[in-house]
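The values are calculated or read from the model by the stated rules, or taken from the named source; none is laboratory data. The structure presented is a predicted model; accordingly, all values stated were derived computationally and were not measured. Don't worry about glycine lacking a Cβ; one is built from the backbone with ideal geometry, like all the others, and counts go over all protein chains shown. These area figures cover heavy atoms from the full protein model, side chains too; ligands, DNA and RNA do not enter into them. Shrake-Rupley method; radii C 1.70, N 1.55, O 1.52, S 1.80 Å.
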Amino acid sequence: MDKEAPLHSASKLNEYKEREFREYLVDQGMTLAIVKCKTIAQFNQQVLLSLRNADKKPDSPSQALMDYFSAQKSGWDEFETLKQNVDNLESENHELNQEIQQLLKQIEQAKQDKLRKQEEERIRLEEEAKKNVKKVSIFSLNIIKQKYQYYI
């Protein structure tokens with residue numbers, strides 16, 4: 001039975017809605033935003049704890065938070081820049097791998113061409129040697145005929 005069980009209970013309906021919502025978030029690219037928010041929340045906790053535990057409290061806690069968030073925003077900008085660099089490098093890597101594969105094919109073709117030319121040259125030399133053997137044989141026969149003509 002490939003079909004899912006019908007949604008009879010409220011818990012199954014809730015599970016289904018939750019799964020649909022998760023798929024929606026993933027499809028919309030929200031996973032990175034959620035990770036960023038979670039990371040920011042963790043940083044906020046650290047900032048508040050550091051403010052609470054600081055020996056000298058800032059005169060303006062709100063300004064301290066704004067300064068902190070400004071610094072964090074530049075960190076995210078750097079993250080986005082680095083992410084773009086990684087994407088560019090992955091694309092370049094893919095292109096270079098394709099180029100390598102093409103060059104390997106060209107090398108293999110050049111090897112096959114070289115072997116073919118060597119084989120053609122070997123065959124040509126063999127045929128030339130056979131012709132030379134025939135010429136030598138005919139020449140030798142002519143010499144033998146000339147020598148024995150005196151005896152005939």
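For first residues located in the stretch 1-19 and hydrophobic (A, V, I, L, M, F, W, C), partners that are at pLDDT 80 or above and lie 6+ apart or on another chain with Cβ distances below 8 Å form the pairs 5/12; 7/13; 7/16. Is it true that residue 131 is out of contact with any His (no Cβ under 9 Å at 6 or more places or on another chain), open to solvent by 80 Å² or more (accessible area, probe 1.4 Å), modelled with pLDDT under 95 and in a helix (DSSP H, G or I)? Yes: the conditions hold for residue 131.
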